[in-house]
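The values are calculated or read from the model by the stated rules, or taken from the named source; none is laboratory data. What you are looking at is a predicted structure, and each value in this text was computed from that prediction instead of being measured. Note that we place each Cβ from the backbone using ideal geometry, even for glycine, and neighbour counts take in every protein chain shown. For the accessible areas, the whole protein counts, side chains as well, though only heavy atoms, and no ligand, DNA or RNA atoms are used. Shrake-Rupley method; radii C 1.70, N 1.55, O 1.52, S 1.80 Å.
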Amino acid sequence: FPVTIACMLKVADALGPVHTLIAHSVGAAVSVEAIHAGLALKKVVLIAAPARYEHFARLIAHGAGLNPEEIEQMVALLSKAIGMDVGEVCMPKRAVGRSEEALFIHSADDRVVSIKDSLESAKAWHGARHMRMEGLGHARILSDPAVVKAAVDFVSAA
């Protein structure tokens, strides 16, 4: 995360002011960490965003068949690899006090990241909007015309 966040900040510095960021899944978690670290922008669209990276990582590990001891080892290795405690990557915590306009989009049938995650994060983010979709799962949501239109309309609005 820290390397990715540092790269995002350097790109923003090189390109000039960044207006909007659109991110999906773990990319949304990393993006909010970058915003927390100082990435300045006006709007953010977060699609199928996990609220707590550690919870997300544990679910993926469990789904991959790791036993409880292996999951703990994986979480420790992941924390070491990203250079921070994965438990600190918490979108609802980072959302408090945010002033950027935010749109959360999530499909109710997402089996990778529960819609409860984005609802919780949107509630914590002052003025955020939440768009609930149906039948798009975790990946199909990215190519759905209504989702694309909603993101474009949100970004384009004055």
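The alpha-carbon of Lys123 sits under 12 angstrom from the alpha-carbon of none of the aspartates and glutamates, leaving out residues fewer than 8 places away in its chain.
From the alpha carbon centroid of segment 127-158 to that of segment 45-95 is 25 Å.
Could you tell me which of rounded, prolate or oblate describes the chain, using a ≥ b ≥ c as the square roots of the eigenvalues of the alpha-carbon gyration tensor, with rounded for a/c under 1.5 and, failing that, prolate when a/b is larger than b/c and oblate otherwise?
The shape class here is oblate.
Working note: Karplus 6.51/-1.76/1.60 with θ = phi - 60° gives segment 149-154 the couplings 4, 4, 5, 5, 4, 4 Hz, where Gly and Pro are set to x. For segment 88-142, a simple Cβ point-charge model (Lys and Arg +1, Asp and Glu -1, everything else neutral) yields a dipole of about 60 debye relative to the Cα centre. Here's the list of lysines a cross-link from Lys10 could span, going by alpha-carbon distance under 22 Å and ignoring same-chain residues fewer than 8 apart: Lys42, Lys43. Take each peptide in 137-146, 44-53, 115-124, count the other Cβ atoms within 10 Å of every residue, and average; sorted highest first, the result is 44-53, 115-124, 137-146. With protein chains left intact and a 1.4 Å probe, residues in segment 83-158 average 54 Å² of accessible area per residue. Counting only residues at least eight positions apart within a chain, or on another chain, the aspartates and glutamates with an alpha carbon under 18 Å from that of Lys149 are Glu101, Glu134. Segment Cys7..Glu70, full-extension length gain: 19.6 nm, with 0.36 nm per residue of separation and the alpha-carbon distance subtracted.
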